[in-house]
Structures are given as structure tokens and as C-alpha cells.
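Take a look at the structure set out below.
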Amino acid sequence: MPLASPQLTTFANGLRLLVTPMPYARSASASIYVAAGSRYEATPSEGGLSHFLEHLLFKGTERRPKPLDISMEIDRIGGNINAATNRESTVYYAKVTPEYLGGAVDILSDMVRNSVLPEHEIERERDVILEELAAVEDSPPEQVGVLIDETLWPGQPHGRDIAGTEESVEGLSAAAIREYYRRQYVPNSTVVSIAGAVDPSEVRDMVGKAFEDWRRGDPFPMVPNRLDTTHPLITLHDKDTEQVHLSLGLYGVASNDDDRYALDLLSVILGEGMSSRLFARLREELALCYDIHSYMATLRDCGMFGVYAGVDPERAVEAAREIAKELARACVPVSADELSRAKAVTRSRTQLRLEDSRSVSALYGSQMILGLPLRTPEETLARSAAVSIEEVERVAIRVMRGSNLHVAAVGQVDATALEDAVVFEP
């Protein structure tokens, strides 16, 4: 059964509501997206501000003054609630059985609009976030992911860890957090997306009552991307680890770029799954690694294409050289069989997500908060299915030849040897 297109309502205060009925579902999910993320933090000293605030919105409101009041209420209706901060948005979401959707919307709207941000909770949560940052330091795969972003986008908000740094988190004042909350959390920078076994007219009334008296504001703008070609292409973090963790990155495409469909398929061909080129070459043929995969990230005005591998320190340079060779080989046209298998992977991946009301609410809510056209999964799948071998070749040339190869490594590896190994000549 095709997924219905979302029904859009824009309220007088600028709040946008998307409702997607799923008659076959047994759940209902509400997602509230706010234009708040690391790309709205203009200076390094503000790093982690959006993420810090996300944590604090679970710490009490005027009507629910204690964290336990929120968690007990969602437990009482048998639902679950969570949140996530990304570079370009923050989302708060809950999933419940349909009869309790009103309660979930009430809890979420109260958190987003009326959190009190008490001083003692700010200080308590500061320690929690510092522990979260320490956990990244103990996780080389996560750490190298942060490093490759810094290498691609040095000195820019989207090149920083979304959670900030120890220095920035320790320096964020209660006054700065409250001011950011007041400025950024306003209806004209918010999208509510609800999906599941719901009646659209009932949902509109429900959301209208929860948000209609919320005042418009003047939120901070997103910091645009700037291209910097003067920075080093390799970042090494010398650390005593059992493996060297490598991440190789190239500039990719933006989220509104039509080439993203072809690049997504190319990523599947190169490094997503056990039949991918990178897995077949580096793991199966050369036994250089256990985990290797490629991925792409799209932002509103830029993007990246990356490869991660965890390798034996003695063979790290060899592994980097082989990855670079495979990336260079991507400019050679893929086979019809490779493209067909990649399309099957993306089709299944998309269709399986449609069984979950939370995934559907996220699908449309994330599109709208990022200013993207609202496309149904069927429209996306049709565009992906129409990608030709020539399009994949063109995007491979654009990405693989469009910028220098950037490398980040956590572990112990010879920097000069690594730099020589990844001289990229597509």
C-alpha cells in the first residue's frame, strides 16, 4: 500500500504541521523538529549549545517540574520518548498507541515551550555531557568520525563535534543557554510531524490547542558553508590502540542536489554490504580489516562521502592505499549488475522503514525543517530506480575528482607513509 502524502497545515504563528495517516498502523508517533543544531552555533565557544539544551528539556517544565514527572507520565501511557541533536535540527519524539497521542503531544509541547532550565539541573547535566564526551574519547571509531569532519570543514560549525568540546561545554553559561532557548525555540522555526493510525482533523485540533498561543520569534540563522582549500588534508591522533581507525573523506553533494540519488547508489556499490567492492577487496581478498564501510552525509549547502575502516597498525598504510585505489576506480563505469543490486538494497531499506510510524513522521518532518520538497517514498524510489549507469559515472567523477582526498586516523601510524599512500589520482 503506497504511503499517503502528508497533509500540511501552517498556523498563524508560523508553526507547520504535517499529518500522515497510516490506517494499517497500530501506533502513532509525534516528532517535533526545531531549527537548532551545531550549524546555528556561530562561534567555537558556543559548541554543543543545541545538544546541551536538548538534554535540559527533559529536566522539568512549569507543569511537570521534575524529570521524573515527565518520564512517569510517558510510562503511564505505555509510550516511549527521546530526542536527538544533529547539525541542522533537533528533534523530540514520542511513540504511543493511538488513543494516547493527545497525552504524548501535550508532554512534547510542554517540554519544547515551557522548560524551566533550573540552575541545579544545568550544572548536573553539564557533568553528564562531559562524560558523554569522554565516552567518545574512549571510542576510536566515533573519534575518527569527528576528526574527518574537522578535516573537511575546519573552523566551521558542521566540522565540530555536535556535543561540543570539554572547553566549550564547561564555558556555556546558564544565561547563554536560556537566551538560545528563547531565541531558537519559536513556532516559525518548528515543524510538528505526526504519523500513524490518526485522524487528521483531530490531530489539527490537538496541535492547534497545544501551540496556537505560542509567539513567533526571530531565531538565529544557520551558518553557511565556506570552502577552504588551504587546510591540511590529513589529521592524525596518535593513540595507543589495538587498531588504527581510518576515515577517508571527499566533498559530496547537498541535500537538495539531484545527484544524491546516484551518489547513494554508488555508496552501496562501493562499501555498503558484504558484496560491495571495498568489503570484497579489503576484507575478503586481502584480509586487511574486519569492518569497512562507506557512507554519505548531506547538508543543506554541502555534503561529504566517507569510508571507515579499522585495521591492524602494521597494515594501516596498505589499507589506506587500497581504499584510495578503490575510490579512484569508482570513476570507471559500474556494471549493470552492480547498479541493479544497489537499487534493490536502497528499495528494501526504504520500504522496510515505512512499517514504523516513527520513521514516517521523521521522513516528512526532517524534509520540511530542512526546506526540502516533500517527496513520498514512492517518488524517491522512482527517482532512484531511474538512475542510469551514466549518472553514477558522472557523480563519481564529480565527487572523486572534485576535491582532494582527506584522511583522519586514530592510532599509531607513520604520517609520512600514510600521506604517500593516499595520493589520490583518479
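What the table below lists for this structure:
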item: Under 11 Å, Cβ to Cβ, from Gly217 - net charge with Lys/Arg +1 and Asp/Glu -1; result: +3
item: Sequence-distant lysines (8 or more away, or on other chains) whose Cα lies within less than 25 Å of Lys325; result: Lys343
item: Computed lengthening from Ile397 to Glu355, 0.36 nm per intervening residue step minus Cα-Cα distance; result: 11.5 nm
item: Region 170-184 and region 20-83: distance between their alpha carbon centers, rounded to Å; result: 17 Å
item: Pairwise centroid distance, computed over Cα atoms, of region 239-253 with region 306-326, Å; result: 9 Å
item: Mean Cβ neighbour count within 10 Å, used as a protection proxy, ranking 296-307, 131-142 highest first; result: 296-307, 131-142
item: Stretch gain in nm, segment Leu133-Arg178, where the contour uses 0.36 nm per residue and the Cα spacing is subtracted; result: 14.0 nm
item: For peptides 63-76, 310-323, sequence by mean Cβ density within 10 Å, most packed first; result: 310-323, 63-76
item: Cα gyration tensor category, rounded, prolate or oblate, for region 234-421 with a/c compared to 1.5; result: prolate
item: At R0 = 45 Å, FRET efficiency that the Cβ-Cβ distance of Leu68 and Val332 yields, to 0.05; result: 0.15
item: Cβ-placed point charges (K, R +1; D, E -1), dipole of the chain about Cα centre in debye, nearest 20; result: 1620 debye
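Bear in mind that the values in this text are calculations on the coordinates, not laboratory data. This one's a predicted model, so the numbers in the text were calculated from it and none came from an experiment. Cβ atoms come from the backbone with ideal geometry, glycine included; neighbour counts cover every protein chain shown.
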